[in-house]
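Notes follow once the structure below has been shown.
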Amino acid sequence: VQLQVSGGGLVQPGGSLRLSCAASGSIFSVNVMGWYRQAPGKRRDVVALISSTGDLNYADSVKGRFTISRDYAKNTVYLQMDSLKPEDTALYYCNAGRGLFGPYWGQGTLVTVSS
């Protein structure tokens, strides 16, 4: 499974960004896709997950601000990030597998929230 990530960049506090993750290859082996992030000096943590049955899970810190969605026709997962805060600054990674921290990772994309 290959994951191609796009999006990210610099945004002011309160702004919005959307990340995209296009999957290709043996995607039949995948039933959970998600987004993770890693801030400098911190561990990589889950941000949001979506299962093949549509179940959604969010980290408490992003609930109500971030939305994960999936376009099955395009094999693409999105992360809409609204009301961004400086503490959301991190490298964001797309992930795929059969649960948490699946074996497939996309390249990280930097999200910087700063005025």
Net charge over other residues, Cβ less than 9 angstrom from the Cβ of residue 65 (K, R count +1; D, E count -1): 0
For the chain, which whole-number percentage of the solvent-accessible area (1.4 Å probe, protein heavy atoms only) is attributable to carbon and sulfur atoms? 51
³J(HN,Hα) computed for each position of segment 78-84 - Karplus, 6.51 cos²θ - 1.76 cosθ + 1.60, integer Hz, glycine/proline x: 10, 10, 8, 10, 10, 6, 5
Relative contact order of the chain (C-alpha contacts under 8 Å, at least 6 apart) in percent is 37
³J(HN,Hα) computed for each position of segment 31-44 - Karplus, 6.51 cos²θ - 1.76 cosθ + 1.60, integer Hz, glycine/proline x: 10, 9, 10, x, 10, 10, 9, 9, 8, x, x, 10, 7, 7
Using a 1.4 Å probe, what is the accessible area per residue for segment 1-79, in Å²? 53
How large is ³J(HN,Hα) for each residue in segment 100-115, as worked out from phi by the Karplus curve 6.51 cos²θ - 1.76 cosθ + 1.60 (θ = phi - 60°), to whole Hz, x for Gly and Pro? 5, 6, x, x, 10, 10, x, 6, x, 10, 7, 10, 10, 10, 7, 8
Can you give me the relative contact order of segment 75-115 as a percent, contacts being Cα pairs under 8 Å and 6 or more apart? 40
Once you list every other residue whose beta carbon is under 15 Å from the beta carbon of residue 48, what net charge do they have if Lys and Arg are +1 and Asp and Glu are -1? +1
By a straight-distance test (C-alpha under 30 Å), which lysines pair with residue 42 as possible cross-link partners, with residues fewer than eight away in the same chain excluded? 63, 85
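The values are calculated or read from the model by the stated rules, or taken from the named source; none is laboratory data. The structure displayed is predicted, hence computed values, not measured ones. Glycine gets a Cβ as well: all are built from the backbone with ideal geometry, and neighbour counts include every protein chain shown. Heavy atoms of the whole protein, side chains included, go into the accessibility calculation; ligands, DNA and RNA do not. Shrake-Rupley method; radii C 1.70, N 1.55, O 1.52, S 1.80 Å.
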